[in-house]
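Here is the structure we will look at.
What follows draws every value from the coordinates through simple rules; no lab data is involved. Treat the numbers as computed from the prediction; the structure is a model and nothing was measured. Virtual Cβ from ideal backbone geometry, glycine too; neighbours counted across all protein chains shown.
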Amino acid sequence: MNNMELVSVIIPTYNRIHEIAASIDSVLSQDYTELEVIVVDDGSSDGTEGFVREKYGDRVRFLKLEGNHGCHYARNEGIRIANGDIIAFNDSDDRWHRDKLRKQMDYWAKRPEDLLIYAAYETTRLGRTIRVPNVQPLERLQGRIFTELLLRNTIGSPTILVRKDAFYRAGGFDDSFPALEDWEFVLRLSQLGSIGFVDEILVDVDATEGGISSSTSNYYVARCKMVSKYLSKIREHELFDTIAKDIFDRAERSGLLPQVKQIMMYELQAAEGMK
């Protein structure tokens, strides 16, 4: 792989005017310089468009969407106008380390067969700074990892690099998912080939509420929908009990267990009905 291929970086945003500059700056300051930045404004009403255009001028391409559709739709629209054959994502409240792209592109040059490259990130949850993923051994994080991804999402979207042709071959982000569309996309992609992993923290992720990500209820709707969509594979690998327990344990801690059980029942009935 030519180490100076153009990388198109898609940054979806919705009413994040006070955070987005740090995200954009972290991309523009990369020591890998063959890149374009595309900010996709998903119907913001806080002056994001004027702020970004005035601060960055032609250093950033800006796409304004009418209405608010969600980050999956915004990312798909950004990729549609991207010039690069390699696509990267950042969120409007996350920050890349300066060497992120270079280290990932160097890694990819050694493993050109990989369809997607990701890396570790650092975030703060419940007052603790944690590294994601923290799964061991390394073999569970790279290669043909579809079964591992059925169990858990180890891939943070701000760390992803993916070839545009592979993105479209996998079908892009599924607009029918109210959340977790990045996890579901990577699941589909992982069935087509191998995934690469740079075992370093290359992104700082802001775990605050109120960004473009969806609500807690949408999270559970999406988890149950994923079980429905991949039910045959989940049963083939004898993972249903493990996955259902994880979902229900989380729902119980959130005080939503009865509602989530109803959603799961509905999705399972829908899956069985499609046979």
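Largest first, please: the extent of the C-alpha atoms of the range 7-205 along each principal axis, to the nearest Å.
46, 36, 32
In what order do His97, His72, His237, His18 fall by count of nearby beta-carbon atoms within 10 Å, going from fewest to most?
Starting with the residue having the fewest Cβ neighbours, the order is His18, His237, His97, His72.
Label-point separation (nm) for Asp199 and Phe51, each offset 7 Å from Cα along Cα-to-Cβ?
3.9
Determine Rg/Rh for the range 216-273; Rg is computed over alpha-carbon atoms and Rh is the Kirkwood hydrodynamic estimate from the same atoms.
On the way: Rg = 10.8 Å, Rh = 11.3 Å.
We get a ratio of 0.95 for the range 216-273.
Number of Lys-Lys pairs in the chain under 23 Å by Cα, sequence gap 8 or more or different chains?
Number of lysine pairs found: 18.
Compute, for the chain, the length of the dipole vector about the Cα centre, with Cβ point charges of +1 (Lys, Arg) and -1 (Asp, Glu) only. Units Debye, rounded to 20.
Computed charge dipole of the chain: roughly 580 debye.
Within the chain, which is the longest segment that contains none of the GluC sites (Glu not before Pro) sitting in a DSSP loop with at most 10 other Cβ atoms within 10 Å?
Here the longest run is 114-208.
Where the centre of each part is set by its Cα atoms, how far does the range 211-275 sit from the range 118-133, in angstrom?
For the range 211-275 versus the range 118-133, the Cα centre distance is 24 Å.
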